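The values are calculated or read from the model by the stated rules, or taken from the named source; none is laboratory data. Predicted, not measured: the structure shown is a model, and the values here were computed from it. So basically every Cβ, Gly included, is an ideal-geometry build from the backbone, and we count neighbours across all protein chains shown.
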Amino acid sequence: MQRHHRPRQHAARLALAAPLTLIAAAATIAVTLPGWAHAQAQGGQPASIPASRHHYDIPAGPLATVLVRLGAEGGLLLAFSTEELGGRQSPGVRGDFTASQALAAALTGTGLKAVPEGAGWRLVAAQQGADEAGAQTLAEVVVTGQLFDDPVTEGTGSYAGPTTTASATGLRLSIRETPQTVTVITQQQMKDQGTASISDVFQNASGISVQRADSERWGFSARGFSITNFTHDGVPRLSDGIYDWGTTNLDMLFYDRVEVIKGATGLLSGAGEPSAAVNFVRKRPTKAFGGSVTAQIGSHDHRRLEADLSTPLNADQTVRARVAAAQQDRGSQQDRYRQKLSAFYGIVEADVTPGTRLTLGADYQHLDPRGTSWTGVPVFNSDGTRTDFSRSFNPAANWSRRVFTNQSVFAMLEQQLASDWRLKVEANTHHSRHRSTLASASGGNPDPVMGEGMYLFSGDFEGDRRQNTLYASLEGKYTLFGRRHDAAFGARWTDAKTDGLLYAGQYPLLTGSIFNWDGSYPEPVFTVDGDYAQTERQTGIYASTRLRPTDQLSVILGARASRVLQKARSSYEDLGEPTGQRESATTPYLGVVYELDPWHALYASYTSIFQPQALLTLAGDYLEPLKGKALEAGVKADYLEDRVQASAAVFVIQQDNLPQYAGFVGNNEERYRGIKGVRSQGVEFQVAGRLTPAWNINASYTYNHARTAEGTPVYGSQAMTTQPEHIVRLFTTYRLSGAGSGWTVGGGISWQSRYESKVWSPTASDYASIWQKGYALLDMNVRYDFTPKLSVSAVVRNLADKKYYSGMGLFDTLYYGEGRSALVTMNYKF
């Protein structure tokens with residue numbers, strides 16, 4: 001890395017611009033230290049660090065880990081290179097210290113000493129402390145104003161998750177201190193795998209089952225149950241499962257990383273399923289000017305342009321902004337399909353005072369496809385034999401489309417309070433619109449020779465949803481019985497209103513052979529049958545605390561009180577549909593973490609959740625709420641100075657009132673019944689991070705066995721499909737040296753065991769079971785860095801061109817997974 005020598009009085013300004021460069025160059029860690037004051041140094045103390053005392057309770061461990069923890073409890077940025085620490089151990093920091101005393105305590109016995117220099121410190125060998133002029137610098141340390149600790153994965157070059165996360169308990173804990181399995185898909189992993197959408201991300205994520213409904217819609221599941229909890233920087237966004245609203249086509253342009261908390265998550269999310277909660281963490285502005293431009297070309301005429309720029313807006317770098325935009329136009333393996341996407345993101349961050357930060361931002365995404373299928377292809381021919389359509393066959397009419405527009409405006413105020421307490425207030429408004437005018441030759445069972453007997457699924461759907469959320473949280477530390485503990489409190493109010501027109505569907509019988517279908521069908525006029533309106537309001541308050549009875553033992557207690565009100569009105573429905581439902585619940589949380597040593601921790605947790613349901617029974621009443629609870633126990637580890645994170649867990653999940661399809665009533669309205677006593681149990685192993693500065697890896701194995709109380713498989717409520725019991729994911733990259741310098745090579749495998757579905761058989765006049773056998777998908781990637789700023793990469797997915805079903809069961813159809821494809825990306829950083 002090229003160094004630019006500047007006068008010492010500018011050290012603080014340079015430190016603000018340095019972190020991202022340091023991180024990109026050499027696994028640099030950002031750490032905060034307590035206290036900030038622009039005062040003249042006294043008695044050897046650096047000018048920027050006051051002599052005020054601060055209480056610390058940091059156990060012994062790797063020196064890098066202790067310094068990270070030391071910083072997480074304070075308010076200044078300390079940048080250092082972990083590679084130069086040489087694997088040293090620290091005795092920890094416990095007691096009331098000034099910043100310089102805390103550093104000295106952390107460095108006791110390490111052979112290092114912190115030496116004041118100008119506005120910061122530098123680390124030297126302890127015996128050299130008496131001779132400052134001749135001291136050899138081991139690592140450059142610069143202290144500068146950084147009040148709020150916001151870990152990011154961008155620029156780290158690693159597959160390891162952030163230093164802290166609050167997505168599970170509201171408490172800022174490390175992943176090792178969080179008593180649930182946490183899966184993080186980092187910025188570097190997304191770049192290496194060429195992922196641009198949420199579906200791309202989840203197809204490579206530990207323990208997540210991905211099934212596809214049609215060309216636009218996906219379903220995600222974990223540990224036997226659907227994933228319905230999605231938050232953005234901790235703020236929830238409604239998800240309607242298979243009916244979507246564009247949720248499963250979310251673009252990753254806006255986000256630094258994706259955090260997945262496995263199991264029940266009622267403490268923070270309130271309502272939901274005991275599968276997992278997904279938190280999308282937005283990119284933040286950086287204090288240094290920088291950005292990138294990315295161009296992609298790929299199979300099926302894929303084209304994408306992307307720009308991302310971050311810059312300070314004033315000389316003091318107290319006001320910062322970031323903007324990003326993407327334009328994408330692509331086809332698919334299906335004939336006559338085309339999708340256009342536009343995305344924009346903007347955010348401004350201002351340090352209003354040394355203890356106050358205000359953030360304002362907005363994002364926008366518009367998705368406009370043509371040749372959109374509505375489900376897939378039929379499973380059975382009219383004589384009961386299996387169909388065998390080509391992967392390129394598209395059942396959609398040429399004009400068929402699902403157009404989604406999603407936009408959000410958000411604001412966040414953060415205030416640092418006395419005694420290590422922090423208040424955060426967030427306001428978010430999200431507006432979703434969709435217009436789906438669909439026609440898909442997916443109905444019926446064709447004659448195996450003549451291809452006749454198919455009919456068209458066609459209809460017009462529209463909706464407009466506005467969701468407003470207000471979220472306040474208070475998090476900090478307190479002293480009880482002479483020890484320091486953590487606490488968090490929060491309150492959330494969410495109000496969503498959805499309305500739209502209802503159109504009469506049309507299901508005409510097609511003439512001619514389905515085998516000659518080319519999408520040519522005149523677009524009909526769909527008549528308005530009525531309108532609908534839905535309201536959902538959720539309020540909740542929670543409290544959690546981490547008690548530290550001993551240095552090794554942590555006990556996390558929490559509870560949330562939630563209230564959900566749902567109302568629905570439809571001028572089309574004439575079956576006595578109820579006008580609303582009101583549900584309240586209290587969800588407890590209990591977690592225990594025991595640190596075996598500085599690297600390993602045992603943990604166990606009990607969590608619960610509930611989910612009101614808008615589905616109706618055969619009698620026309622709402623289903624009772626889903627109620628779920630989860631038990632999990634395991635071990636977590638941090639290796640190689642926290643560069644590698646590993647975990648092993650065993651889990652048991654119990655859920656009642658799981659919806660299962662019960663039939664049609666009236667005007668072909670679907671009805672459901674609730675299943676009692678659904679149980680999922682299994683194990684999960686994962687490891688992620690940098691084994692060496694050149695070698696990244698993310699590997700996982702998940703087994704889950706989900707059965708009803710009668711011992712039968714559990715099928716999804718709409719897709720009538722089970723989940724695979726075994727999932728293996730592995731992806732790794734290695735940066736070559738020597739003669740191969742500049743090259744990074746990698747690859748991965750995604751394997752899952754068989755799963756089954758129930759599909760109506762025309763000859764048996766009943767549902768028949770079909771299976772997708774277990775299969776493995778191989779991926780490969782390669783990147784060449786021409787310079788530190790310019791690189792070109794290539795990704796090949798499904799290298800062996802495996803033919804498989806990515807979805808089964810929805811409306812008795814199949815959907816083929818993607819065949820072999822390639823993507824070439826050029827990236828320039830500035």
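Residues in segment 430-459 that are in contact (Cβ under 8 Å) with a residue 40 or more places away in the chain and under 24 Å from the mean Cα position of the chain (by Cα) were compared, and the one that is farthest from Thr469 (Cα to Cα) is His434. Can Arg569 be described as surrounded by fewer than 14 Cβ atoms within 10 Å (Cβ to Cβ) and at pLDDT below 90? The answer is no for Arg569. Among residues that are surrounded by fewer than 21 Cβ atoms within 10 Å (Cβ to Cβ) and assigned by TED's automatic domain parsing to the domain that holds Arg402, Ala307 is included. Every listed requirement among (1) loosely packed, with under 15 Cβ neighbours inside 10 Å; (2) within 20 Å of Asp388 (Cβ to Cβ) is met by Arg820 save one, (1). Take the conditions (1) buried (at least 24 other Cβ atoms within 10 Å of the Cβ); (2) more than 14 Å from the chain's Cα centre (by Cα); (3) within 28 Å of Leu70 (Cα to Cα); Arg172 misses just one of them, which is (1). Evaluating Gly711 against the criteria (1) of a type outside the set (D, E, K, R); (2) assigned to a loop (DSSP other than H, G, I, E, B); (3) within 14 Å of Ile208 (Cα to Cα) leaves one unmet condition, (3). Filter segment 754-788 down to the residues that are among the hydroxyl-bearing types (Ser, Thr, Tyr), outside any strand (DSSP E or B) and without any contact (Cβ under 8 Å) to a residue 60 or more places away in the chain and list them by number. Listed by number, the residues that qualify are Ser765, Thr787. Within segment 431-456, which residues are part of a strand (DSSP E or B) and in contact with a helix residue (DSSP H, G or I) (Cβ under 7 Å, 6 or more places away or on another chain)? Correct list: Ala441, Ser442, Met454.
Being in contact (Cβ under 8 Å) with a residue 40 or more places away in the chain, part of a strand (DSSP E or B) and among the polar types (S, T, N, Q) is a property that Ser791 lacks. Restricting segment 208-223 to residues that are among the polar types (S, T, N, Q) and part of a strand (DSSP E or B) leaves a set whose member that is nearest to Ser239 (Cα to Cα) is Ser221. Please determine whether any residue of segment 659-677 is part of a strand (DSSP E or B) and either in contact with a His (Cβ under 9 Å, 6 or more places away or on another chain) or among the basic types (Lys, Arg) (or both). Yes, because at least one residue in segment 659-677 is part of a strand (DSSP E or B) and either in contact with a His (Cβ under 9 Å, 6 or more places away or on another chain) or among the basic types (Lys, Arg) (or both). So how many residues does segment 585-601 have that are more than 25 Å from the chain's Cα centre (by Cα), surrounded by fewer than 20 Cβ atoms within 10 Å (Cβ to Cβ) and within 30 Å of Ala561 (Cα to Cα)? Number of matching residues: 2.
Take segment 533-546 and flag every residue that is surrounded by 17 or more Cβ atoms within 10 Å (Cβ to Cβ) and not small (Gly, Ala, Ser). Result: Gln534, Glu536, Gln538, Thr539, Tyr542, Thr545, Arg546.
The requirement of being modelled with pLDDT of 80 or more, surrounded by fewer than 23 Cβ atoms within 10 Å (Cβ to Cβ), within 25 Å of Ala585 (Cβ to Cβ) and touching a Leu at 6+ places or on another chain (Cβ under 6 Å) is fulfilled somewhere in segment 632-654, by at least one residue.
When we screen Lys803, Lys829 for residues that are touching a Lys or Arg at 6+ places or on another chain (Cβ under 6 Å) and not small (Gly, Ala, Ser), the only hit is Lys829. Scanning segment 56-77 for residues that are part of a strand (DSSP E or B) and either at pLDDT 65 or above or closer than 11 Å to Ala102 by Cβ (or both) yields Tyr56, Asp57, Ile58, Gly61, Pro62. Ser608 fails exactly one of the following numbered conditions: (1) crowded, with 16+ Cβ neighbours inside 10 Å; (2) at pLDDT 95 or above; (3) closer than 22 Å to Thr183 by Cβ. What is the number of that condition? Failing condition for Ser608: (2). Scan segment 176-209 for residues that are polar (S, T, N, Q) and within 24 Å of Ala694 (Cα to Cα) and the total you get is 9. Where strands (runs of 3 or more DSSP E) fall wholly inside segment 232-304, the ranges with 2 or more residues that are of a type in the set (A, V, I, L, M) and closer than 24 Å to Thr539 by Cα are 255-262, 276-282.
Tallying residues that are under 30 Å from Ala439 (Cβ atoms) and either touching a Lys or Arg at 6+ places or on another chain (Cβ under 8 Å) or among the acidic types (Asp, Glu) (or both) within segment 301-335 yields 13. Every condition in (1) closer than 29 Å to Arg582 by Cα; (2) in contact (Cβ under 8 Å) with a residue 40 or more places away in the chain; (3) surrounded by fewer than 16 Cβ atoms within 10 Å (Cβ to Cβ) holds for Ala561 except the one numbered (2). Here Leu138 fits the description: at pLDDT below 55 and surrounded by fewer than 20 Cβ atoms within 10 Å (Cβ to Cβ).
Among the residues of segment 456-479, those that are within 17 Å of Gly234 (Cα to Cα) and either in contact with a Leu (Cβ under 9 Å, 6 or more places away or on another chain) or outside the structural domain of Ala504 (by TED's automatic domain parsing) (or both) comprise Gln467, Ala472, Ser473, Leu474, Glu475. When segment 669-717 is filtered for residues that are at pLDDT 95 or above and among the aromatic types (Phe, Trp, Tyr), the ones remaining, listed by number, are Phe685, Trp695, Tyr701, Tyr703.
All of (1) surrounded by fewer than 17 Cβ atoms within 10 Å (Cβ to Cβ); (2) more than 30 Å from Gly519 (Cα to Cα) hold for Asp464 with one exception: (2). Any residue at all in segment 510-520 that is in the same structural domain as Arg391 (by TED's automatic domain parsing), within 37 Å of the chain's Cα centre (by Cα) and either loosely packed, with under 14 Cβ neighbours inside 10 Å or at pLDDT 95 or above (or both)? Checking segment 510-520: at least one residue is in the same structural domain as Arg391 (by TED's automatic domain parsing), within 37 Å of the chain's Cα centre (by Cα) and either loosely packed, with under 14 Cβ neighbours inside 10 Å or at pLDDT 95 or above (or both).
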